[in-house]
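The values are calculated or read from the model by the stated rules, or taken from the named source; none is laboratory data. All values derive from a computational prediction rather than experimental measurement. Please note: Cβ atoms are built from the backbone with ideal geometry, for glycine as well, and neighbour counts cover all protein chains shown.
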Amino acid sequence: MPRFSTDDTALLERRIASYLDNFPNDVICPLQIWYEELGGYGVPEPADTTAVTNVLDRLEGWTDAGVVRYEKFGEQRSYKRTKGISADELPQRPDKRLMVQHLFKVGGLYKTPDGRVYKVALSEVYNLRCFEIVDGHMAGGMVKIHPASELAKSLVPVAG
């Protein structure tokens, strides 16, 4: 598998800027960009992380937010969106400011309208990773639920 090259800074900047234009959260770290936008795998080389960080340092609309702890990436230097979202944009982009990590408790049980129960194994920006619970046990494979989907909005916490 070929490794993504961060040597072309103009291409790197265009890809990161395009990705962040559609990014539904207001805080991001270089590792998230490395894995989710650039298709990186394994641990990035220090030069790769530095290249992504340098783009974020120059990118209009984003500022250094200091160190933030991520469930998936640990403590990482992060960047926060500085451009506000106008009221006119909110109806078209209702999940723009979504902080899914605060909506669903990892390890929590949630019931769907049709009676299925899911246990949240991981809560990420773009999806909830869940397992269906049948007779008190996990059944089947992992299910990904987009946090802004109608299914996610219909989930009701199960009293434990």
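Overview of values
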read-out	value
Residue match in segment 70-80 (condition: surrounded by 15 or more Cβ atoms within 10 Å (Cβ to Cβ) and in a helix (DSSP H, G or I))	no
Of all residues making up segment 8-46, the number that are basic (K, R) and either closer than 26 Å to P147 by Cβ or outside the structural domain of D57 (by TED's automatic domain parsing) (or both)	1
Subset tally (residues that are modelled with pLDDT of 50 or more, under 30 Å from D57 (Cβ atoms) and surrounded by fewer than 12 Cβ atoms within 10 Å (Cβ to Cβ)) for segment 84-121	2
Residue list for segment 27-69, restricted to those being assigned to a loop (DSSP other than H, G, I, E, B) and either closer than 16 Å to L11 by Cβ or not β-branched (V, I, T) (or both)	C29, E37, L38, G39, G40, Y41, G42, P44, E45, L59, E60, G61
Filter result (at pLDDT 90 or above, among the hydrophobic types (A, V, I, L, M, F, W, C) and surrounded by fewer than 21 Cβ atoms within 10 Å (Cβ to Cβ)) within segment 40-54	A47
Hits in segment 126-160 (condition: surrounded by fewer than 15 Cβ atoms within 10 Å (Cβ to Cβ) and part of a strand (DSSP E or B))	V134, H137, M138, A139, G140, G141, M142, K144, V156, P157
Given (1) part of a strand (DSSP E or B); (2) within 15 Å of K72 (Cβ to Cβ); (3) touching a residue at least 40 places away in the same chain (Cβ under 8 Å), number of the condition Y110 does not satisfy	(2)
